Amino acid sequence: ISKVTFFLEECHRMNLKVLGPDVNESFSDFSVNKDGHVRFGLSALKGVGEGPVEAILEEREKGGPFTSIYDLVQRVSLKAVNKKVMESLALGGGFDCFADEIHRAQFFTPSDKYDTFIEHLLRYGHAHKVQIAEAATSLFGTSEDALIPQPPVPVCEEWGLLEKLNREKEVTGIFISGHPLDDYRIEIQNFTSCPLNKVENFKSNGNGNGGLKLAGMVSMARHLVSKNGNGWGIFEVSDFHGKLEFRLFGEDYQKFKHLLEEGKALYIKGKFQRGWRDDLEFKLQDVKLLEGIAQSLTESITVKIPVNGLKPELIDLIDELCT
């Protein structure tokens, strides 16, 4: 996962698009589509093995791209593409090519007959196959009008970005279609000491004693109670490159616990100091929401312009923008 994350960041730096898995375009492994974008492989999804991938690719090769989610369950082998596979594909964005008809949350919403729409789709696909097989051996066949009707897509709200990305990460191991911290790249680039995967470097050389400024999203929060009834917690924050785990006790826990909830983007100040076991540990000094940090910490903006590009029109334009 760390290698894939590294290459995703490198693609981002090179302005290369990395697209999620797609039942109509992906192959088993990473590939490049006709537009030159990197496409995530289907077999990289948890719960989607070689068998289901082969069944999807074989049917796509034989009958062309799938025109809808109904077309897919009518055509692929449902022995290979079972409920678990369908759930992984839906969570990972494999069915986003049908987004005009159905979004990710709707696959997991109860239908009028079953606990989830995925279950209804599988029952529909199986019944459709049985009906077609029976029609092939029947003297009269089956008219289009007599075919089993497609189950209606249940209505529900779309998942928010954070829920969508977290569920995507469940089956991909990483964020593909975005990152919860994407909106804070400027803050992270300008107001932090280092990415979270470099924090340990400051621990070993002692440079972290002067204080570190970090940013990340709370990816794990465990609020606990000690034997004597005092609250404490174990927390983990993650950024684009890594994660940092720390523990809070006593006054520090009471002071910051309301901010330390999963999904919150935080700006953290802290330093390494000797703990009660005489080990160096990261101690929080301050925690704020990452939103608004740029506005409160920016003292000035320096614009550097090549001297041969300095013209009166440009100066007037910059002046207008600043005003």
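Numbers below:
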read-out	value
Solvent-accessible area, 1.4 Å probe, carbon plus sulfur percent, for the chain	51 percent
Along each principal axis, Cα extent of region 61-128, largest first, Å	32, 25, 19
Candidates Phe202, Phe107, Phe175: whichever shows maximal mean-square fluctuation once the chain is modelled as a Gaussian network with Cα springs under 10 Å	Phe202
Order of exposure, largest accessible area first, which applies to Leu42, Leu78 with probe 1.4 Å	Leu78, Leu42
Cross-link partners of Lys17 among aspartates and glutamates (Cα-Cα below 17 Å; sequence separation of 8 or more within a chain)	Glu9, Glu25, Asp29, Asp35, Asp96, Asp182
0 to 90° range, to nearest 10: angle between helix 312-322 axis and the chain longest Cα axis	90 degrees
Folded to 0 to 90 degrees: helix 83-92 orientation relative to the chain principal axis, Cα	40 degrees
Calculated P(r) of region 201-270 - Cα pairs past 14 Å, %	62 percent
Probe 1.4 Å - accessible area at Glu9, Å² to nearest ten	50 Å²
Rg(Cα) / (2.2 N^0.38 Å) computed for region 164-248, rounded to two decimals	1.28
Choice from Val76, Val155, Val48 showing the highest fluctuation, given a GNM over the chain with Cα pairs closer than 10 Å	Val155
Spin-label model distance (nm) - Asn190 vs Ile305, 7 Å beyond Cα toward Cβ	1.9 nm
For Lys17, solvent-accessible area (1.4 Å; no DNA, RNA or ligand), Å²	120 Å²
Degrees separating the helix 161-172 axis from the principal Cα axis of the chain, which is the longest one	70 degrees
For the chain, calculated [θ]222 nm from helices alone, where every DSSP H run of n ≥ 4 adds -39500 (n - 2.57)	-10500 deg cm²/dmol
Residue order for Met14, Met220, Met86 - accessible surface, 1.4 angstrom probe, largest first	Met14, Met220, Met86
Distance between region 5-28 and region 60-110 - C-alpha centres, whole angstrom	20 Å
Heavy-atom surface of the chain, accessible at 1.4 Å and reported per residue (Å²)	60 Å²
Of Lys243/Lys264; Lys213/Lys264; Lys3/Lys164; Lys227/Lys269; Lys3/Lys34, pairs whose Cα-Cα distance is over 19 Å	Lys3/Lys164; Lys227/Lys269; Lys3/Lys34
Computed E for Ala127/Leu57 - FRET, C-beta separation, R0 25 angstrom, nearest 0.05	0.50
At R0 = 41 Å, FRET efficiency that the Cβ-Cβ distance of Thr137 and Leu224 yields, to 0.05	0.05
P(r) weight above 34 Å for the chain, C-alpha pairs, percent	45 percent
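The values are calculated or read from the model by the stated rules, or taken from the named source; none is laboratory data. Keep in mind the model is a prediction, meaning the values are calculated, not measured. Virtual Cβ from ideal backbone geometry, glycine too; neighbours counted across all protein chains shown. Accessible surface is based on the protein model in full, side chains and every heavy atom, while ligands, DNA and RNA are left aside. Shrake-Rupley method; radii C 1.70, N 1.55, O 1.52, S 1.80 Å.
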